[in-house]
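Written out below as structure tokens is the structure these notes cover.
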Amino acid sequence: MAVEPVSLIVEFGREIRYAREARGWTQEMLASKLWVQQPYVSKVERGQQLASPQFAEQCDKVFGTPGVYARMRQRAADAGNPVWMIPYLQFERRAVSICDYSPTLVPGILQTPEYAEAVYRAASPNDPVDRIQQRVDDRMRRRELFDGPNPPSLWVVLHEAALWSDMGGPDVMRGQLRHLVSVIEHPLITVQVFPLGDTPARRAPFILLKQQNGAEVLYAESYVQGQVHDAPEVVAEARATYDRLRANALSLPDSLSVIRHLMEAYDHEPHPQPRPRDMGEVQSQRGQRRHLRRVGPRVHIHRRHTRPGQQAP
């Protein structure tokens, strides 16, 4: 009879229990040393919960094992991701700045659990519920990036089309937009909206990650998998493309206004869609463009008109 492989989360918990018992400590005693509650230690030891990075780091201090449990915990956290994704996650954890361009979906690190579930369900409709949930949990753990002592800065250029996608339905989109509004208040997170009607410098998503030594790497996904590139000429071309996207995106205040406007749209319509523009409307907008503030140089954009029954953003 085949033996089920032990998950790395369960293995991590067992190692913590072995180390605790070898010292003759109860769970309550270990909990007091780690500044957590006993039920938390119990769940970690039984493999019911993946420990936090802080828990693993504190275990290394308490047990005198520099980095051992931190590395073990990180391997457990990475285990649910595709093999080709792990190099990116390693660069992400070491990055001092992350620049993300997302033309169709909200970036994974900014997704709500409900939105992430809808994305995975749309991509793999036949996957079992527990598999989808595991992927969602893995994605949510990426938020730990901002809980560490030296979190990176995150700059996202998000195409407006992604905000009108109705991923998961109105309730999911409202929650996702509300989350975007809240994360924009984070001092290290910037979100710009690339407006409908303008032609982006690139249609496929990509991410630039700057490391502590100043070097940048590019992460780009194909239909099959993602890949990290560090060739200087490839990275330089991607950086130039990202700078054009950022320059042509809406300013930070205007981007926030668009997101809030869309929240209102999802409140008033079951499945809101961008209203088509005729040439007369386009002509009238040209006289308004000079009043829009942008982060980069002045470029042509279309500004959304207020829909009937809606308030202006």
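Rule-based calculations on the coordinates, nothing more; no lab input. Since we're looking at a predicted model, the values are computed, not measured. Backbone-built Cβ (ideal geometry, glycine too); neighbour counts: all protein chains shown.
Please list, in order along region 56-65, the HN-Hα scalar couplings obtained from phi with the Karplus expression 6.51 cos²θ - 1.76 cosθ + 1.60 (θ = phi - 60°), rounded to whole Hz, x for Gly and Pro.
Ordered by residue, 3J(HN,Hα) equals 5, 5, 5, 4, 4, 5, 5, 8, x, 10 Hz.
Among 183-191, 47-55, how do they line up from the highest to the lowest mean number of other beta-carbon atoms within 10 Å?
Ranking the peptides 183-191, 47-55 by packing returns 47-55, 183-191.
Where does the Debye-calculated log10 I(q)/I(0) of region 129-195 sit at q = 0.11, 0.28 Å⁻¹, using only Cα point scatterers of equal weight, no solvent?
-0.34, -1.24
Can you put Met140, Met173, Met72 in order, fewest other beta carbons within 10 Å first?
With the fewest neighbours first, Met140, Met173, Met72 line up as Met140, Met72, Met173.
I want to check the label-to-label distance for Arg239 and Trp35. Put each point 7 Å from Cα in the C-beta direction and report it in nm to one decimal.
If labels sit at Arg239 and Trp35, their model points lie 3.9 nm apart.
May I ask you to evaluate 6.51 cos²θ - 1.76 cosθ + 1.60, the Karplus curve with θ = phi - 60°, for each residue of region 204-209 and list the ³J(HN,Hα) values in order in whole Hz, giving x for glycine and proline?
Result, ordered by residue: 8, x, 7, 9, 10, 10 Hz.
Which order, highest average first, do 258-268, 193-203, 213-223 follow once you tally other Cβ atoms within 10 Å for each residue and take the mean per peptide?
Answer by packing, highest mean first, reads 258-268, 193-203, 213-223.
For Val156, enumerate residues with amide H under 5 Å from its amide H, sequence gap 5+ or separate chain, H modeled in the peptide plane.
Distant-sequence amide H within range of Val156: Asp100, Thr190, Val191, Gln192.
What base-10 log of the normalised intensity I(q)/I(0) is obtained for region 141-271 from the Debye formula, alpha carbons as equal point scatterers, at q = 0.13, 0.15, 0.16, 0.21 Å⁻¹?
-0.65, -0.86, -0.97, -1.40
Ranked by Cβ crowding within 10 angstrom, fewest neighbours first, how are Val172, Val129 ordered?
Fewest-to-most Cβ neighbours within 10 Å comes out as Val129, Val172.
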